[in-house]
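Each remark here refers to the structure printed beneath this line.
The values are calculated or read from the model by the stated rules, or taken from the named source; none is laboratory data. Note that the coordinates shown come from a computational prediction; the quantities given were computed from them, not determined experimentally. When we count neighbours, we look across all protein chains shown, and the Cβ atoms used for this are built from the backbone with ideal geometry, even at glycine.
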Amino acid sequence: MINKVILLGRLGKDPVVRRLENGRVVANVTLATNDYYTKDGQRMESTEWHNLEMWDKQAETAEKYLKKGSLLYVEGKIRTDRYTDAEGQERQTRKIRVNNFQMMGSMLASRNEDGQRNDSQGDSHPSDSTHSMGMDEDHDGLPF
C-alpha cells in the first residue's frame, strides 16, 4: 500500500515554527494548489489548501527561507490526528507530513503559462535554481 502526496503550490503565510521541550523543532505551513477547468466555456480556477508539517532540519530551513508566496514542491504522506475538543466532541484533522521539499527558484516563479520568461532579458540568473531539503539528507548545515 502507498501513502504518497506530491504537491506544487504557494505558501499562504509565513511558516509557524515551535521549539519543543525535547529540543525538536516543528514548522506548520499552509500551501495553496490551483486546479483549472472549463465551465460553460469559461476558464475557472479552484484553490485547495493543504496543511504541511515539517520537522527538525526541515523546520529550521522553512523558518529561515520560506515566506508567504514562496513556490514550493513537496513530497510527503497524509496523516490524520484525532483529538477531543473542549466540548468533548471527537475531532480529526488531516495534514501532510513532509518527507522532502524543494524551494523553487525565481526562474520557475517568473515564467508565464507558455513557459516564456516574463523579463526582457531571458538570460539565466544564479538564483534560477531549485533548493532541496529531505528528511534523511546531510547538507553540512546548508539548506540546499
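Of the listed requirements (1) out of contact with any Ser or Thr (no Cβ under 6 Å at 6 or more places or on another chain); (2) at pLDDT 95 or above; (3) surrounded by fewer than 16 Cβ atoms within 10 Å (Cβ to Cβ), Ala109 misses just one: (2). Figure legend. Inter-residue proximity from the range 1-17: first residues without any contact (Cβ under 8 Å) to a residue 40 or more places away in the chain, second residues of a type in the set (Lys, Arg), beta-carbon distance below 7 Å, spacing 6+ or different chains. No pairs are indicated. Sub-8 Å Cβ pairs linking a first residue in the range 19-30 that is part of a loop (DSSP other than H, G, I, E, B) to a second residue that is of a type outside the set (Gly, Ala, Ser), at least 6 apart or interchain, are Leu20/Val26; Arg24/Trp55; Arg24/Asp56, ordered by first then second residue.
Give the range 68-94 a look and list any residue that's outside any loop (DSSP other than H, G, I, E, B) and in contact (Cβ under 8 Å) with a residue 60 or more places away in the chain, or say none. Show your work before the answer.
First, pick out the residues of the range 68-94 that are outside any loop (DSSP other than H, G, I, E, B): 71-84, 90-94.
If the condition is that a residue be outside any loop (DSSP other than H, G, I, E, B) and in contact (Cβ under 8 Å) with a residue 60 or more places away in the chain, then Leu71, Leu72, Tyr73, Val74, Glu75, Gly76, Lys77, Ile78 are the ones that fit.
Count of the range 37-64 residues, restricted to those that are in a strand (DSSP E or B) and either over 12 Å from the mean Cα position of the chain (by Cα) or surrounded by fewer than 13 Cβ atoms within 10 Å (Cβ to Cβ) (or both), is 12.
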